[in-house]
């Protein structure tokens, strides 16, 4: 189940549905949204099927069925709510189902860690119909495969299935890292609860676990989590922070529309006069792939600690983004330019010698390393996008992590005397790299 940190959670009284950061989840096991790429549905329990008039005409036993068509229908009393129905072929002809315990397609291999935030029941089957009678205490478990919101894990009793609750953190990494806290920092029991109950003073702390842009430490009150910035996304200098309130994808326009808040970074909170800022927000997947970039926004924040509500538009579907950064173009009314012309531009791919990179800086933010750098492009290219990969290598020659690389070249960017900035994100700690290898896709 997808969950996004520091998002507004909207609760509905209809059928115990809730929305987390634009991604629907259900308190039942129902298939709750169409999956355009899905070809089949596996039914884990007896499932009613309906004719074109939505009249129940039969019952299907647990099995795999092929999806022929999908539609959203409004059900329930009053205005009701939208529910997905799937057309399938039966011995009685074409019928419709809206299963309560099913998953699309098949289980897929997935090795990741899940921090179980509460006691977790375990099952012998992916349909969660055969409880073992046992349960797992809060702990970190490693998965073997994933099927929708269900995960197969290895236990002392063999492979078992779980469906992690909302307190569980999927994709955590255990680490042993020191992080300097420059300001008094709020701590929480769990990143998904939004409950703040204490803070810690500026100090060097030992981080034991990271998840998205959160860090876990052991404290005097037990394990707690913190972020290095107050809102969801920040720029490389912590000048501007942006928090996402809610968002939705509009299929008709192909755009994602967001409500957000913007504030200055912590170092500016004592400022008592208005501040004009201009920026864009970059959105990334869990693997560091760039999913989209927002429109440019120029706004004014009343004071250093004040917040301003803004609208963002991204001309892509970024509903499943896991991480975001801010690119500041204007601060306090002045243009921001982080390019350093004196930096050597020595990182190249022999197959594309006209492209050179340099000025690499790395900052850590939870599970991610954010790479800031600059590039030169000596010759024009017919490509609308240059993509590749940055590999970060340690002193022993081993790859510490990789980051997708992407720039959008145009004729205005070409010239040996022109240097421009870029950003990449690696879902690994590459802070102490020794060398970098660039490989451009053909």
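Please say if region 189-266 is rounded, prolate or oblate, where rounded means a/c under 1.5 for a ≥ b ≥ c the square roots of the C-alpha gyration tensor eigenvalues, and otherwise the choice is prolate for a/b larger than b/c and oblate otherwise?
It is prolate, given that a/c is not under 1.5 and a/b is the larger ratio.
Solvent-free Debye calculation, one equal scatterer per alpha-carbon of the chain: log10 I(q)/I(0) at 0.07 Å⁻¹ equals -0.43. By the count of other C-beta atoms within 10 Å, a proxy for reagent exposure, 330, 395, 364, 216 are ordered fewest to most as 395, 330, 364, 216. With coordinates expressed along the principal axes, the C-alpha atoms belonging to region 171-226 extend over 26, 25, 19 Å, beginning with the largest. Convex hull volume of the Cα atoms of region 347-440, normalised per residue: 87 Å³.
Computed over region 233-335, relative contact order equals 35 percent, with contacts defined as Cα pairs under 8 Å that lie 6+ residues apart.
Work the Kirkwood hydrodynamic radius out for region 233-335: mean of 1/r over every pair of different alpha-carbon atoms, inverted, in Å. Numbers along the way, then the final one.
Details: mean 1/r = 0.0722 Å⁻¹.
Answer for region 233-335: a Kirkwood hydrodynamic radius of 13.9 Å.
The slack in the chain from residue 319 to residue 340, taken as 0.36 nm per residue of separation less the alpha-carbon distance, amounts to 4.1 nm. Exposure proxy shown here: for 433, 183, 368, the number of other Cβ atoms within 10 Å sets the order, fewest to most, as 183, 433, 368. Rounded, prolate or oblate, given the Cα gyration tensor of region 108-167, with a/c below 1.5 counting as rounded? It is rounded, given that a/c, with a ≥ b ≥ c, falls under 1.5.
With 5 Å bins beginning at zero, the pair-distance distribution over Cα atoms of region 40-162 amounts to 2, 10, 18, 18, 14, 12, 12, 9, 5, 1 %. At full extension, residue 38 and residue 252 could sit 75.0 nm farther apart than now, given 0.36 nm per residue minus the alpha carbon distance. Highest mean packing comes first when the peptides 264-274, 280-290 are listed by Cβ atoms within 10 Å, giving 280-290, 264-274.
Ordered by the number of other Cβ atoms lying within 10 Å of each residue's own Cβ, fewest first, 215, 77, 257 fall into the sequence 77, 257, 215.
Each reported figure results from applying straightforward, stated rules to the coordinates on display, with no laboratory input. Note that the structure is a prediction, hence the values are computed from the model and not measured. Reconstructed Cβ throughout: ideal geometry from the backbone, glycine too, with neighbour counts over all protein chains shown.
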